[in-house]
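Shown next, in structure tokens, is the structure this report addresses.
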Amino acid sequence: MSFVFYNTLGRSKQPFKPLKGKRVGFYGCGPTVYNYAHIGNLRAYVHHDILVRSLRRAGFDVNHVMNITDVGHLSDDADNGDDKMLKTAEERGKSVLEIADFYTKAFFNDTDRMNITRPNVICKATEHIGEMIALISKIEANGFAYFSGGNLYFDISKFPAYGDLALIKPDDVKNKTKTGFSRIDQDENKRNPGDFVLWFTKSKFENQALVWDSPWGKGYPGWHIECSAMSMKYLGEQFDIHTGGIDHIPVHHTNEIAQSEAATGKKPWVSYWLHNEFLVMDKGKMSKSAGGFLTLQSLADEGYDPLDYRYFLLGGHYRSQLQFSFENLKGAQNSRKSLIDKVRNLTDETGSGSISANKEQKQPEYGKETKVYIEGFNNAIEDDLNTPRALAELWGLLKDKSAANEALAAVLDMEKVLGLGLQSSALNDGEKNNKNSEIDKEFALEIDALIKKRAEAKKARDFTAADSIRQSLKERGILLEDGPSGTVWKPVP
Ligand code: AMP
Ligand code: ZN
């Protein structure tokens, strides 16, 4: 397969050619773990996943690296506002690392439920301070930094290519005519509003919980440096693909490029930049800091499988804005259910109940009809990961009259990219239908006991234990709903 990706750097579709043959170095910006991921964030990670799955299915050996931001991210990407982690820790009376640990687990719980493949390397910012200091020292030695008011800043005027990714010019930054630059409390120590902090020693966060020794004094890193330092540690000084949401283009990724290329002198630092558009609600962008956002669990509480939400996301191309509504999610749920029914029929017809989508199997020789859909699917995926078109090929395949064994094999092949759990759900539902659907008395008593145990865990603020009880019951077909009069349960619809 020959992939073509829309590269934000150059704003064009470009043929994909990795630096090292079939080996692909990929870095995706990970979560800032001060709250649950909202369903908009999860769109970004489904995008990473489709990219990785597509490349692997095509025979590329992908090394996928993702960071966990547990220090240094302020509420405004350009060094203003509160420290996100610190603020939450203070509000909850917990340490920053306790907060980080809790929300990191919650994050992977969500991504696992959405069939998002875990990265090969998951790296925490707080565990890579040494690498960040080493990189900042190189930037400073190469003449791109200045010390002012107790902090070390990157001087964007020394880096002529600054803003190429975002198509912004230094004057735009000065005049703040582009989004992404702070509209609030500018830092007077900066020579240019676009300069950014590499290392904080003195700032408004006198009470910063986590500080480290450094050549510039005791302090902590700016947010952007972690991604440069960790990606280069695991992928080398130049690598193939970097992703994130579009909000990262004007500040975070622009700054990552400037500091990385300033440190190594090698260009381009990253060959392909892929950015996902936003998931929006009626009232606009969903944001963690603004609060009032939807989590995956809140969709599950309404009776939706996390994979229904995955189906919903794949129905839009990652570069188009996607409007969330429960009505649209219901549509996605119905469509996925109908796909599962079709796959169950194929499974019954072929007697291949034991075939698992995850197991490597020999594909049958496809006839002409099946080939058309597989080729259509491949063309869609190669063309900048066009999942809506890929789904249309899947529907075409299942509506058409290919032989059942071929159709099933083709579905499972497509599932390597889509990850919609179509066959596993078909098999599980089949098993469920065979069992007496009445929940027996003994199980009902066990559920009640577990609800009690979960309430105790919540009271003791052990949310991980509480969540794991909820999840394990869900896997056994029971949904818990918290309401004003306590927790009630019902069978998964
Ligand atoms: P954060 O944890 O805030 O650093 O964000 C994690 C990822 O989610 C980043 O790649 C963001 O660009 C992305 N993101 C944030 N909000 C949305 C949204 N509403 N829709 C899609 N992606 C988003
Ligand atoms: Zn990043």
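The values are calculated or read from the model by the stated rules, or taken from the named source; none is laboratory data. Because the structure is predicted, anything quoted here is derived from the model rather than measured. Every residue, glycine among them, receives a Cβ derived from its backbone with ideal geometry; neighbour counts consider all protein chains shown. With ligands, DNA and RNA removed, areas are computed over all heavy atoms of the protein, side chains included. Shrake-Rupley method; radii C 1.70, N 1.55, O 1.52, S 1.80 Å.
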(message) Give me the residue from the stretch 46-70 that is open to solvent by 20 Å² or more (accessible area, probe 1.4 Å) and not in a loop (DSSP other than H, G, I, E, B) and, out of that set, nearest to ligand 2 (Cβ to nearest atom).
(response) Asn63
(request) Go through (1) under 12 Å from the mean Cα position of the chain (by Cα); (2) within 13 Å of ligand 1 (Cβ to nearest atom) one by one and return the number of the condition Ile50 breaks. (result) (2)
(request) Those residues that are within 13 Å of ligand 2 (Cβ to nearest atom), within 16 Å of Thr8 (Cα to Cα) and polar (S, T, N, Q), I need them from the stretch 240-272; list them, please. (result) Thr243, Thr254, Asn255
(request) Identify the residue in the stretch 347-374 that is among the basic types (Lys, Arg) and modelled with pLDDT under 75 and, among all such residues, is most open to solvent (accessible area, probe 1.4 Å). (result) Lys362
(message) Looking at the stretch 15-37, I want the residues that are more than 18 Å from Ser228 (Cβ to Cβ) and surrounded by fewer than 21 Cβ atoms within 10 Å (Cβ to Cβ) and have a partner that is modelled with pLDDT of 95 or more and basic (Lys, Arg) with Cβ atoms under 7 Å, at least 6 apart or on another chain. Which pairs are those?
(response) none
(request) Residue by residue through the stretch 12-31, note down the ones that are assigned to a strand (DSSP E or B), under 22 Å from the mean Cα position of the chain (by Cα) and more than 16 Å from ligand 1 (Cβ to nearest atom). (result) Arg23, Val24, Gly25
(request) Being modelled with pLDDT of 95 or more and not aliphatic (A, V, I, L, M) is the filter; apply it to the stretch 273-296 and report the residue that is farthest from ligand 2 (Cβ to nearest atom). (result) Thr295
(message) Looking only at the stretch 382-404, how many residues end up being open to solvent by 30 Å² or more (accessible area, probe 1.4 Å), closer than 24 Å to Arg56 by Cβ and among the small types (Gly, Ala, Ser)?
(response) 1
(message) Residues that are buried (at least 17 other Cβ atoms within 10 Å of the Cβ), more than 16 Å from ligand 2 (Cβ to nearest atom) and touching a residue at least 24 places away in the same chain (Cβ under 8 Å): does the stretch 319-327 have at least one?
(response) yes
(request) Report those strands (runs of 3 or more DSSP E) wholly inside the stretch 92-172 carrying at least 1 residues which are surrounded by fewer than 16 Cβ atoms within 10 Å (Cβ to Cβ) and more than 25 Å from the chain's Cα centre (by Cα). (result) 145-148
(message) Can you tell me how many residues within the stretch 1-32 are hydrophobic (A, V, I, L, M, F, W, C) and closer than 14 Å to Thr111 by Cα?
(response) 0
(message) Based on this model, can you work out whether Arg310 counts as closer than 26 Å to Leu385 by Cβ, more than 16 Å from ligand 2 (Cβ to nearest atom), under 17 Å from the mean Cα position of the chain (by Cα) and open to solvent by less than 10 Å² (accessible area, probe 1.4 Å)?
(response) yes
(request) With the checklist (1) away from ligand 1 (no atom under 11 Å from the Cβ); (2) within 14 Å of His64 (Cα to Cα); (3) part of a helix (DSSP H, G or I) in hand, flag the one item Cys227 doesn't pass. (result) (1)
(request) Take Val492 and decide whether it is in contact (Cβ under 8 Å) with a residue 24 or more places away in the chain and of a type in the set (Val, Ile, Thr). (result) yes
